[in-house]
Amino acid sequence: MIGILGAGLAGLSAGYHLKKDYVIFEKDSEIGGLCRSFTKNGYTFDFAPHIFFTKNENVKVLIKKLLGENIITKIRKAFIYIYGRYLEYPFEANLGGLPNKIIDECISTAIKAKENPTEYHNFYEWIENVLGKGVAKHYMIPYNEKIWKYDLRKMHYSWIAGRVPSPKIEEMKKGASGMQNETFGPNATFSYPITGGIGAIPNSFLPHIKNLKCNAEVINIKPRKDEVEITVRENNKEKTYNFEKIFSSIPLPELFKILENVPEEILKISTRLVHNSILFAAIGVDRANITDKHWLYFPEKDYIFHRLSFPMNLSEKTTPPKKSSIMIEVTYPMNETIDIKKTKDQIRLGLIKANLLKEKDKLEVFYTELIKYAYVIYDLNHKENVSKLHEYLIENNIIPVGRFSQWEYINMDITILNGKIQVEKFG
Ligand SMILES: Cc1cc2nc3c(=O)[nH]c(=O)nc-3n(C[C@H](O)[C@H](O)[C@H](O)COP(=O)(O)OP(=O)(O)OC[C@H]3O[C@@H](n4cnc5c(N)ncnc54)[C@H](O)[C@@H]3O)c2cc1C
């Protein structure tokens, strides 16, 4: 018998692919983890904005099988709001519309970076040395400082491959003259469920899941020689279970807090992992078509948020007719608190300043939620620390699955794949 901890996409995928008997324990009253959706006053929002995209054929086929007709594919309409105007994403491939001085600075420094490749040792240097100092100064550094809330010189660059587009000089020039006809990045086309928000994806696993307990928080884990004992608080009662092995999607720092008999050195490493947190806000507006975009990036400090997404343009079924909806993300450093009331005021003012809201707009929903584990931060010791923790867990029959147990910046597709790969390897 196998225990699976957490019913986010990783735990659900592990259960779906496992060929043995298992029980999934989920501390919340519902499944889905970060990919849950909720409906308020007729508006459907995701707990954090999500779109689905993948290059992995296995995951594509699985999603098609699970969601059937309940999914639409869209061509990305993502823009950057900068210097009072919208530039299509990605910045460096769509410079047209910026003042000539900035365009020249971005292109000449990008040429210099490509012609004289210089070594880089951290994310900050990667940005300057690969994309050029102009793109770095005007967009990449301000945006990344805003989203990560961490010193970019203390971040590794290992997570970048396939995520940050790096257009050729010819492509930059084409974009600068307003003639861009290429698309860039892995989500140039993406999919989204027609009904149910992104939560339709975890929910589509449910008919295939055999043994699931919600309101079941794992509060203690004791690894023994050939089994793992876990204590679970289920509807306020404590129960003990023994499994030959467990697959855990609990964030590593939380997992090590409830794990018994961990050597001091390993415990210390688990406290060194770095991540950031998000204040997520959802707004329902009593006005139609406030924008036709899917999402917008805000690199400038004048705006508290770094990204806005518009559910009504992802699927019209998310939003009542003649109304609009916005999902807002504001990151903050780990272990810090955020003033929710003040942030809500700053969000509203920022939306007015960006001409998305009007003073007199009626907000039918203005909901906020704090997400403690948002983005894993690749500090310079990330790889070494994570591999020591994983080695210890696997020796003790605790197999990490998912974003915060793998402690990687992985999206839904790779999370689903990771659940499959881990049970095939260790199940
Ligand atoms: C802001 C943001 C935006 C994102 N946008 C996208 C996107 O656009 N596209 C995309 O593909 N991916 C996106 N992602 C990534 C995606 O959300 C994750 O890859 C995926 O949801 C991770 O699933 P998981 O199961 O690993 O973790 P989680 O969803 O965190 O699931 C872990 C589960 O474990 C449960 N749990 C925790 N502790 C216990 C305990 N002690 N006992 C029992 N249960 C417990 C939790 O309640 C939770 O349900 C985004 C992530 C964030 C933060």
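The values are calculated or read from the model by the stated rules, or taken from the named source; none is laboratory data. Quantities reported herein were computed from a predicted structural model and do not represent experimental measurements. We place every Cβ from the backbone using ideal geometry, glycine too, and count neighbours over all the protein chains shown. Keep in mind that these areas ignore ligands, DNA and RNA; they rest on the heavy atoms of the full protein, side chains included. Shrake-Rupley method; radii C 1.70, N 1.55, O 1.52, S 1.80 Å.
For beta carbons closer than 6 Å, sequence separation of 6+ or different chains, a first residue in region 47-74 that is without any contact (Cβ under 8 Å) to a residue 60 or more places away in the chain and a second that is within 15 Å of the ligand (Cβ to nearest atom) and not in a strand (DSSP E or B), the qualifying pairs are Lys60/Thr54. Evaluate region 256-274: report whether one residue or more is in contact (Cβ under 8 Å) with a residue 24 or more places away in the chain, under 21 Å from Leu9 (Cβ atoms) and within 12 Å of the ligand (Cβ to nearest atom). No, because not a single residue in region 256-274 is in contact (Cβ under 8 Å) with a residue 24 or more places away in the chain, under 21 Å from Leu9 (Cβ atoms) and within 12 Å of the ligand (Cβ to nearest atom).
Taking region 146-185, which residues are more than 26 Å from Lys372 (Cβ to Cβ), of a type in the set (Gly, Ala, Ser) and under 24 Å from the mean Cα position of the chain (by Cα)? Selection gives Ala161, Gly162, Ser166, Gly185.
Just to be sure before I move on: is Ala14 farther than 30 Å from Arg287 by Cβ and not polar (S, T, N, Q) in the structure I sent?
Numbers: farther than 30 Å from Arg287 by Cβ: yes; not polar (S, T, N, Q): yes.
The answer is yes for Ala14.
For region 219-229, a tally of residues being modelled with pLDDT of 95 or more and under 13 Å from Asn242 (Cβ atoms) returns 7. Here the helices (runs of 4 or more DSSP H) wholly within region 48-153 that include at least 1 residues being in contact with a strand residue (DSSP E or B) (Cβ under 6 Å, 6 or more places away or on another chain) are 123-126, 141-148. If you go through region 210-232 and keep only what is of a type in the set (Val, Ile, Thr) and either exposed (fewer than 15 other Cβ atoms within 10 Å of the Cβ) or away from the ligand (no atom under 13 Å from the Cβ) (or both), you end up with Ile219, Val228.
Having 3 or more residues that are open to solvent by 10 Å² or more (accessible area, probe 1.4 Å) and either among the charged types (D, E, K, R) or more than 16 Å from the ligand (Cβ to nearest atom) (or both) is the bar; report the strands (runs of 3 or more DSSP E) wholly within region 324-427 that clear it.
Details: elements: 324-333, 363-371, 398-400.
Passing ranges, in order: 363-371.
Determine, yes or no, whether Lys149 is in contact (Cβ under 8 Å) with a residue 24 or more places away in the chain and in contact with an Asp or Glu (Cβ under 8 Å, 6 or more places away or on another chain). No; evaluated as a whole, the condition is false for this residue.
Tell me which residues, restricted to region 1-33, are in a helix (DSSP H, G or I), out of contact with any strand residue (DSSP E or B) (no Cβ under 7 Å at 6 or more places or on another chain) and either more than 9 Å from the ligand (Cβ to nearest atom) or closer than 27 Å to Gly185 by Cα (or both).
Applying the first criterion (in a helix (DSSP H, G or I)) to region 1-33 yields 9-17, 33.
Then keep just the ones that are out of contact with any strand residue (DSSP E or B) (no Cβ under 7 Å at 6 or more places or on another chain); that gives 9-10, 12-13, 16-17, 33.
Of everything in region 1-33, those that are in a helix (DSSP H, G or I), out of contact with any strand residue (DSSP E or B) (no Cβ under 7 Å at 6 or more places or on another chain) and either more than 9 Å from the ligand (Cβ to nearest atom) or closer than 27 Å to Gly185 by Cα (or both) turn out to be Leu9, Ala10, Ser13, Tyr16, His17, Gly33.
Looking at Lys74, is it within 15 Å of the ligand (Cβ to nearest atom), more than 30 Å from Thr240 (Cβ to Cβ) and of a type in the set (Lys, Arg)? So Lys74 passes the test.
Is there a residue in region 305-312 that is outside any loop (DSSP other than H, G, I, E, B), in contact with a His (Cβ under 9 Å, 6 or more places away or on another chain) and within 29 Å of Ser405 (Cβ to Cβ)? Yes, that holds for at least one residue. Looking for something near the ligand (Cβ under 9 Å from one of its atoms), more than 23 Å from Asn220 (Cβ to Cβ), outside the structural domain of Val330 (by TED's automatic domain parsing) and within 20 Å of the chain's Cα centre (by Cα) - is there at least one such residue anywhere in region 38-45? No: region 38-45 contains no residue that is near the ligand (Cβ under 9 Å from one of its atoms), more than 23 Å from Asn220 (Cβ to Cβ), outside the structural domain of Val330 (by TED's automatic domain parsing) and within 20 Å of the chain's Cα centre (by Cα).
The residues on offer are Gly175, Gly185, and the sole one that is closer than 15 Å to Phe91 by Cβ, small (Gly, Ala, Ser) and open to solvent by 20 Å² or more (accessible area, probe 1.4 Å) is Gly185.
For region 13-55, the set of residues classified as more than 28 Å from His306 (Cβ to Cβ), among the polar types (S, T, N, Q) and crowded, with 22+ Cβ neighbours inside 10 Å consists of Ser13 only.
Is there a residue being within 22 Å of the chain's Cα centre (by Cα) and at pLDDT 95 or above anywhere in region 130-140? Within region 130-140, one or more residues are within 22 Å of the chain's Cα centre (by Cα) and at pLDDT 95 or above.
Annotation note: of Val386, Val401, the sole residue that is modelled with pLDDT of 95 or more, within 13 Å of Ile250 (Cα to Cα) and of a type in the set (A, V, I, L, M) is Val401.
Confirm whether Tyr120 is touching a residue at least 60 places away in the same chain (Cβ under 8 Å) and either more than 28 Å from the chain's Cα centre (by Cα) or open to solvent by 50 Å² or more (accessible area, probe 1.4 Å) (or both). The answer is no for Tyr120. Determine, yes or no, whether Ser158 is open to solvent by 20 Å² or more (accessible area, probe 1.4 Å), under 23 Å from Leu380 (Cα atoms) and polar (S, T, N, Q). Yes, satisfied.
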